[in-house]
1. Springs between alpha-carbon pairs under 10 angstrom, Gaussian network model over the chain: which of 76, 165, 129 fluctuates most?
2. Just in segment 117-183: which GluC sites (Glu not before Pro) are loop by DSSP and have at most 16 other Cβ atoms within 10 Å?
3. Match the structure shown to one of the listed values (i) 24.4; (ii) 20.0; (iii) 17.0 of Kirkwood radius over Cα pairs in Å, computed from it, and give that label.
4. How would you classify segment 87-137 from its alpha-carbon gyration tensor, with a ≥ b ≥ c the square roots of the eigenvalues: rounded for a/c under 1.5, else prolate if a/b is greater than b/c, otherwise oblate?
5. What FRET efficiency do you get for residue 127 and residue 5 if R0 is 41 Å and r is their Cβ-Cβ distance, rounded to the nearest 0.05?
6. Would you mind checking the tilt of helix 32-61 against the longest principal axis of the Cα atoms of the chain, expressed as 0 to 90 degrees and rounded to 10?
7. Grab the Cα-Cα distance for residue 91 and residue 151, subtract it from 0.36 nm times how many residues apart they are, and report the gain in nm with one decimal.
8. Calculated from DSSP H runs of 4 or more alone, at -39500 (n - 2.57) each and per residue, what is the 222 nm mean residue ellipticity of the chain, nearest 500?
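Readers should treat all values here as calculations from the given coordinates under stated rules, not as data from a laboratory. Note that this is a predicted model, so its numbers are computed, not measured. FYI the Cβ positions are ideal-geometry reconstructions off the backbone, even for glycines, and counts take in every protein chain you see.
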Amino acid sequence: MNTNNKFIDLMNLGTPEQAYEQIKELSSSLSDDQHLIRSCIFDLHAAIEVELRRIYYHTFHTQLFLTDEEEHNLQVEKKFDKMIGKLGFMDMFRVLKPILISWPYPEFADIEEFNTTRNQAAHGDLSKVKYKNRSPFEDPDCFAEMYFTVWALKQCFTKFFSKAVEEPLVTLKRYVDKFGVGH
């Protein structure tokens with residue numbers, strides 16, 4: 001009995017490959033295609049979440065009070081990293097939604113529906129999962145649309161991040177143009 005495989009041995013499975021196949025069959029009645037589609041939906045959703053988290057991290061990191069005391073900075077950044085890591089998708093999106101929607105990237109309007117579809121796939125009957133009134137499990141074109149939606153969102157996030165986070169001088173210039181240097 002291999003102590004690293006105590007649960008595989010408990011199930012009387014000889015190899016990790018057998019464990020993966022048997023556990024998949026025991027835990028779900030989904031077909032291979034349904035597993036693949038659901039897994040891809042989760043991965044695509046995670047790609048959006050990474051972008052939201054990146055915006056949060058870099059936007060708020062600049063506001064940390066860091067000093068020349070290295071130990072202080074490490075503790076502050078550790079707590080900050082932990083807090084950012086614990087934020088949920090909708091916690092981040094709820095705050096960022098009015099900001100993102102205000103930008104000239106209509107693709108941002110798809111985020112909420114994508115999240116709803118992900119949640120349906122995670123917690124509901126797959127026959128009722130819909131994205132823009134179509135089922136990614138029954139309509140391959142819908143599944144492909146979901147991929148392209150995330151691809152387009154990533155392009156928009158890149159532009160948004162560049163303009164809103166990395167180029168804060170754009171905002172400063174607007175302020176100076178409107179109010180002048182002395183205000």
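1. Between 76, 165, 129, it is 76 that shows the largest mean-square fluctuation.
2. 138
3. Matching the structure shown: (ii).
4. In terms of gyration-tensor shape, oblate.
5. For residue 127 and residue 5, the calculated efficiency is 0.65.
6. 20
7. Extra length from residue 91 to residue 151 when fully extended: 19.4 nm.
8. After summing the helix terms and dividing by the residues of the chain, the value is -22000 deg cm²/dmol.
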